Amino acid sequence: MSSTPYKALPKDFIWGFATASFQIEGSTDVDGRGKSFWDDFSRTPGKTLDGRNGDVATDSYRLWKEDVELLAQYGVKTYRFSLAWSRIIPLGGRNDPVNPKGIEFYSNLIDALLEKNIIPFITLYHWDLPQSLHDRYGGWLNKEEIVKDYTRYAQVCFEAFGDRVKHWRRLTCIIFRLTMNEPWCISILGYGRGVFAPGRSSDRARSSEGNSSTEPWIVGQNVILSHASAVKVYREVFKPVQKGQIGITLNGDWQMPYDDNPENVAAAQHALDVAIGWFADPIYLGHYPPYMREMLGSRLPEFSEEEIQLVKGSSDFYGMNTYTTNLCRAGGDDEFQGLVDYTFTRPDGTQLGKQAHCAWLQDYPEGFRSLLNYLWNRYHLPIYVTENGFAVKDEGTMPLEQALNDTDRIHYFEGTTSVLLQAIHEDGIDIRAYFPWSLLDNFEWADGYVTRFGLTYVDYNTQKRYPKQSAHFLTKVFYFHSNSFTQY
Ligand code: GBH
């Protein structure tokens with residue numbers, strides 16, 4: 001248990017686990033679902049580490065009731081999940097038909113959660129663009145089309161799900177929605193590095209199409225504008241009645257100077273500017289970070305006066321996904337990291353923290369605290385931690401019993417939950433939610449099923465779910481620190 005002395009979490013603080021549609025649902029061709037651009041991408045040889053795709057995933061489209069039971073058993077107050085755009089509007093576009101079966105699926109899920117006093121925390125877009133929008137006009141690359149199509153999709157969701165939730169007991173004022181998950185990943189991994197769908201890149205060994213020096217920055221801007229346009233509609237048409245909060249969630253890890261060499265100190269800020277400020281500065285402050293313009297010149301699109309009015313202030317809170325800390329050194333030619341080199345090896349040769357299964361992740365809770373302070377001081381908005389988690393090294397090849405005894409993951413969450421409490425009680429930061437990633441082991445994008453982030457182990461042969469020790473650990477921590485478990 002945390003070493004922080006007992007002090008209750010704020011009354012309205014919510015915690016729960018997170019997932020995303022394409023990572024868990026499977027059933028990609030049933031009940032009228034249209035294709036998403038992850039369907040074929042993940043089926044293409046060489047795109048995932050183990051050659052496996054999202055056709056079944058954790059089979060949650062069929063097993064969703066079991067998932068809800070599991071959440072109830074863990075005692076969560078909220079569940080973060082995403083909607084598959086192509087289930088709701090199979091062809092995606094603003095003149096394309098809505099699929100009643102898609103609406104019904106998510107309606108049933110929402111009802112079942114509310115029945116258990118679990119607040120639905122909905123993400124509209126977690127990376128699964130309808131394939132037909134990509135084929136028709138280039139998807140996220142086409143500002144004129146995508147902003148309108150995304151806005152209409154969002155509107156269909158606000159109409160279908162927002163109102164019904166509102167009438168449910170006292171949960172009325174605490175329904176939050178996220179427009180987008182991690183625009184940096186959408187742009188850079190999809191159109192720069194080309195490792196995520198649609199896999200566009202200048203690297204011709206990887207992709208026959210794409211331009212990594214221009215497309216990610218165009219896509220980033222179009223994602224921002226789509227988000228902001230959906231928020232405008234929500235605020236004008238739905239918020240007066242539904243009273244919900246709406247915002248965006250950004251990925252971003254703490255960037256720490258490698259040493260006190262002034263060049264490396266500046267490099268850490270440059271890394272933050274590109275990882276976080278690229279999106280957060282326009283949305284919360286009304287302009288791109290000056291360093292982005294300096295680095296990219298005219299390759300970074302300009303916002304018109306009208307656009308920036310739309311964008312500035314378009315998120316009610318700061319949505320934060322964070323996993324690790326990088327040590328930053330000036331140099332290198334990677335624009336996606338702000339021309340900064342990342343390492344986990346300190347100048348004295350020691351490692352920053354425990355290594356996870358994926359190369360990009362080490363356990364360093366102090367960085368989480370620094371990042372919370374940085375975001376609070378820079379953007380002055382309540383923070384929702386919408387993802388945070390750890391993949392234990394080699395968990396995928398361990399015998400079940402060993403995998404369930406996930407001490408490295410427990411250690412990670414011991415650190416992050418202590419820091420969370422310190423940030424709230426000692427640093428005075430207004431933190432309103434915490435979502436460990438993920439409820440289940442699931443389809444880990446380009447890693448396939450090799451890398452496991454779940455608090456629940458999934459046996460992919462039987463689809464049986466087994467709680468890991470870390471899930472029990474988190475349940476205990478939040479039970480202990482919560483003063484609001486009687487509020488319903
Ligand atoms: C989250 O992204 C996702 O929202 C979630 O779907 C996913 O399952 C989870 O993380 C676990 O990975 O070396 O250039 O390829 C986390 C943010 C940002 C972390 C990109 C990995 C790798 C950068 N990710 N980063 S690169």
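The values are calculated or read from the model by the stated rules, or taken from the named source; none is laboratory data. Quick caveat: nothing in here was measured; it's all calculated off a predicted structure. When we count neighbours, we look across all protein chains shown, and the Cβ atoms used for this are built from the backbone with ideal geometry, even at glycine.
Structural remarks
- Matching strands (runs of 3 or more DSSP E) fully within the range 410-477 where at least 3 residues are under 16 Å from GLU387 (Cβ atoms): 431-434
- Filter pass, VAL195 being modelled with pLDDT of 95 or more, within 16 Å of the ligand (Cβ to nearest atom) and either assigned to a helix (DSSP H, G or I) or of a type in the set (S, T, N, Q) (or both): no
- Only residues that are over 17 Å from ILE188 (Cβ atoms), out of contact with any Gly (no Cβ under 8 Å at 6 or more places or on another chain) and not acidic (Asp, Glu) were counted in the range 118-133, giving 4.
- Residue check for TYR288: closer than 19 Å to MET180 by Cβ and without any contact (Cβ under 8 Å) to a residue 24 or more places away in the chain: yes
- Qualifying positions in the range 208-223 - among the small types (Gly, Ala, Ser) and either at pLDDT below 95 or crowded, with 16+ Cβ neighbours inside 10 Å (or both): GLY210, SER212, GLY220
- For the range 437-452, the set of residues classified as within 11 Å of the ligand (Cβ to nearest atom), touching a Phe, Trp or Tyr at 6+ places or on another chain (Cβ under 7 Å) and within 28 Å of LYS476 (Cβ to Cβ) consists of TRP437, SER438, ASP441, GLU444, listed by residue number.
- Inside the range 251-297, residues that are among the small types (Gly, Ala, Ser), in contact with a strand residue (DSSP E or B) (Cβ under 9 Å, 6 or more places away or on another chain) and not in a helix (DSSP H, G or I) make up a count of 1.
- Of the criteria (1) within 17 Å of PRO282 (Cα to Cα); (2) surrounded by 23 or more Cβ atoms within 10 Å (Cβ to Cβ); (3) within 16 Å of the ligand (Cβ to nearest atom), which one SER226 fails: (3)
- Verdict on GLY277 being within 30 Å of ALA160 (Cα to Cα) and not hydrophobic (A, V, I, L, M, F, W, C): no
- Some residue of the range 415-435 being in contact (Cβ under 8 Å) with a residue 24 or more places away in the chain, under 23 Å from LYS47 (Cβ atoms) and touching a helix residue (DSSP H, G or I) at 6+ places or on another chain (Cβ under 6 Å): no
- Listed by position, the helices (runs of 4 or more DSSP H) contained in the range 32-118 that have at least 3 residues being more than 23 Å from the chain's Cα centre (by Cα), surrounded by fewer than 20 Cβ atoms within 10 Å (Cβ to Cβ) and acidic (Asp, Glu) are 100-115.
- Test: residue in the range 141-151 that is closer than 19 Å to GLN221 by Cα and in contact with a strand residue (DSSP E or B) (Cβ under 9 Å, 6 or more places away or on another chain): yes
- Some residue of the range 444-467 being of a type outside the set (A, V, I, L, M, F, W, C), touching a residue at least 40 places away in the same chain (Cβ under 8 Å) and over 28 Å from THR48 (Cα atoms): no
- Residue that is farther than 28 Å from HIS411 by Cα and surrounded by fewer than 21 Cβ atoms within 10 Å (Cβ to Cβ), where the choices are PHE336, PHE344: PHE336
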